[in-house]
Amino acid sequence: MSSRGDELLAELCRERYATLTATAVMLTGSRHAAEDLLHDALVAVFSRPRRLANINAADAYVRRAMYTRFIDGTRSGKSRNRVATAYQAGQPTDYTQTHTDWASLEALLAGLAPRVRACIVLRFLEDMSVAETAHALALSEGAVKRYCADGLALLNRELGTQDVPDADPTVPVQRREVER
């Protein structure tokens, strides 16, 4: 790694490690798995020379690496089984010991499909727009809206709520004239 890459990595870890870890915890459901996910993403991003202009670019690249690794890692089911087993065994993490409301949210999020969970975390916990979430996960905006609607429906059902964060979740449809 170049000295610029070393400096950027040190700055990123110093200034954004806590927020990156929090995002990873919401994705994985445990502090331990979150740190593994974040470290894997950091290694992937900073092990090869990249043209990252500043800390914001590095942060975005690491987040994207985390999202894709999380989704790819859950395809085999090993990660999901590990999280479910930890929750069933009642193993608390440092994060959930002090935040009981977060613990119940983490448990509910653990039951969502990986893409649904990633969309919910990015949209409502990271406060990204539909377009930003779609870009971060390489999905269409319609897919993000669908995954969010499905995830929110499940969360509302489990929590006994009826929250609808987006005021207008409809997609505008434009009529096109067909030439004959």
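Being assigned to a helix (DSSP H, G or I), under 18 Å from the mean Cα position of the chain (by Cα), modelled with pLDDT under 90 and charged (D, E, K, R): is that true of ARG69 here?
So ARG69 passes the test.
Considering (1) buried (at least 20 other Cβ atoms within 10 Å of the Cβ); (2) modelled with pLDDT under 85; (3) out of contact with any Pro (no Cβ under 8 Å at 6 or more places or on another chain), say which one ALA86 fails and leave the rest.
(1)
Could you pull out the residue among LEU52, LEU27, LEU12, LEU37 that is crowded, with 20+ Cβ neighbours inside 10 Å and not in a helix (DSSP H, G or I)?
LEU52
With in contact with a Lys or Arg (Cβ under 8 Å, 6 or more places away or on another chain) and either at pLDDT below 80 or surrounded by fewer than 18 Cβ atoms within 10 Å (Cβ to Cβ) (or both) as the only criterion, which of ASP168, ASP101, ASP94 stands out?
Of the residues listed, the single one that is in contact with a Lys or Arg (Cβ under 8 Å, 6 or more places away or on another chain) and either at pLDDT below 80 or surrounded by fewer than 18 Cβ atoms within 10 Å (Cβ to Cβ) (or both) is ASP94.
The values are calculated or read from the model by the stated rules, or taken from the named source; none is laboratory data. Owing to the predicted nature of the structure, the values given are computational and were not obtained by experimental measurement. Note: ideal-geometry Cβ built from the backbone for every residue, glycine included; neighbour counts use all protein chains shown.
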